[in-house]
Structure formats: structure tokens, C-alpha cells
1. Among the numbered criteria (1) over 15 Å from LEU29 (Cβ atoms); (2) surrounded by 15 or more Cβ atoms within 10 Å (Cβ to Cβ), which single criterion is violated by ALA121?
2. When region 130-168 is examined, which residues are found to be free of Cβ contacts under 8 Å to residues at least 40 places away in the same chain, among the β-branched types (Val, Ile, Thr) and closer than 17 Å to LYS58 by Cα?
3. Output the number of the condition that GLY36 fails; it satisfies all remaining conditions of (1) small (Gly, Ala, Ser); (2) surrounded by 18 or more Cβ atoms within 10 Å (Cβ to Cβ); (3) out of contact with any strand residue (DSSP E or B) (no Cβ under 7 Å at 6 or more places or on another chain).
4. Given the conditions (1) in contact with a helix residue (DSSP H, G or I) (Cβ under 9 Å, 6 or more places away or on another chain); (2) outside any loop (DSSP other than H, G, I, E, B); (3) not β-branched (Val, Ile, Thr), which single one is not true for ASN138?
5. For a quick check of your reading of the model, give me the residue pairs whose first member lies in region 117-129 and is farther than 16 Å from VAL44 by Cα, whose second is outside any helix (DSSP H, G or I), with beta-carbon atoms closer than 8 Å and at least 6 apart or on different chains.
6. Counting residues that are free of Cβ contacts under 8 Å to residues at least 60 places away in the same chain and more than 27 Å from LEU159 (Cα to Cα), which helices (runs of 4 or more DSSP H) fully inside region 21-90 reach at least 1?
7. Can you tell me how many residues within region 91-101 are assigned to a loop (DSSP other than H, G, I, E, B) and surrounded by 14 or more Cβ atoms within 10 Å (Cβ to Cβ)?
8. Might you let me know whether region 88-101 holds any residue that is small (Gly, Ala, Ser), under 28 Å from ILE59 (Cα atoms) and out of contact with any strand residue (DSSP E or B) (no Cβ under 6 Å at 6 or more places or on another chain)?
Amino acid sequence: MSDNMRSCELNIPYPEVKTGGNNLYYASLLTNDYAGVISEMSAVAKYIFQHLVTSNKKIADTVSCISVVEMRHMKFLGEIIRDFGGNPRLAVQSGCNTVFWNAQHIGYDTDPRTYLKDNIANEKAAIASYSNRINQINDIYVQKVLERIILDEKNHIGLFHALIDEYF
């Protein structure tokens, strides 16, 4: 693993990913964080795009590294949704309505000065959503996973701020 890869990951273990049992309501809530507009799926797609269009190696490597962490979050959320009895497809479930994720959910700005600020705003929105989920989902196992994911999202904000400070 490269030094840059280690620098985007916290040296804090994740709790075991499990649930206290079936709960379709909880599964439905988490579909927003899994595959909504501001979601792990959107973050993964956006950060990979940014990596591909960025000529600055440090910025490109950082967003690529962060995308791997976001993929891990997505995997965890998918497992939790499945274990709650939901369907971990790339869709938001709201009652009987299903809205599938699509690539229009992400921004395609190629200017790092602009997209790094947008990334910070999206990471803050993700933290707010996970904080709400912790209050909405009365499952200690899931709450611990979400608390750990929040630590990663806060770290990403710090990394994006550092890149802005260094280059802009």
C-alpha cells in the first residue's frame, strides 16, 4: 500500500457489521445513504471521475484513495440493508416507490478548486445524514458502524481542506 493510501485511511478498526434482526423500515432509511443523491455510490463514482480528470497527481491520488474508503462504506451499508431484510440494489426505497441511482447524481466539474469545495459540502451532508440515522435506527450494532463511518467522513473533509490549502 502506498504512503498516500495509508494517509487517507484512519488506523481505527471498524466494528463488526451486523444487525439486531429484520427491520425493513431501517433498511429503507439506509438506502438513501447507500444509493441516493448524497450517498456512498455517488461519492465513489464522483471521486473516481475526479481521479481520472485531474492532472495534479497528489489530488488525483487522494480522491482515488478516498473512493476506496467510500466503497468500503458502501459494502457495509449494503450488508446492513440485506441483513435488515432489504434489497441492496442501487436504489432509494421510499414506501412503495423505488428510485434507481443514476450518474446524474454526481457533479462533473473538472476544476479541483471547485470540486474539492463541493466534496467538503457533500461529506458534511453525509455526516448529517449518518447522525440522523444513528438517532432513527435503534440498533446498537448499526449505530457503531455509522459512528465509525462518520470518523472517515470527517477525515475526508480534513484531507480536502489540506489540498485546498496546499494548492489554492
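Bear in mind these aren't lab numbers, they're just calculated from the coordinates by the rules spelled out. None of these values were measured; they are calculated from a predicted model. As a convention, Cβ positions derive from the backbone with ideal geometry for all residues, glycine included, and neighbour counts pool all protein chains shown.
1. (2)
2. Within region 130-168, just ILE157 meets the criteria.
3. So the condition that GLY36 fails would be (3).
4. Tallying (1) in contact with a helix residue (DSSP H, G or I) (Cβ under 9 Å, 6 or more places away or on another chain); (2) outside any loop (DSSP other than H, G, I, E, B); (3) not β-branched (Val, Ile, Thr), ASN138 fails exactly one: (2).
5. SER129/ILE38
6. Where helices (runs of 4 or more DSSP H) fall fully within region 21-90 and carry at least 1 residues being free of Cβ contacts under 8 Å to residues at least 60 places away in the same chain and more than 27 Å from LEU159 (Cα to Cα), they are 24-35, 57-83.
7. Qualifying residue count, region 91-101: 1.
8. no
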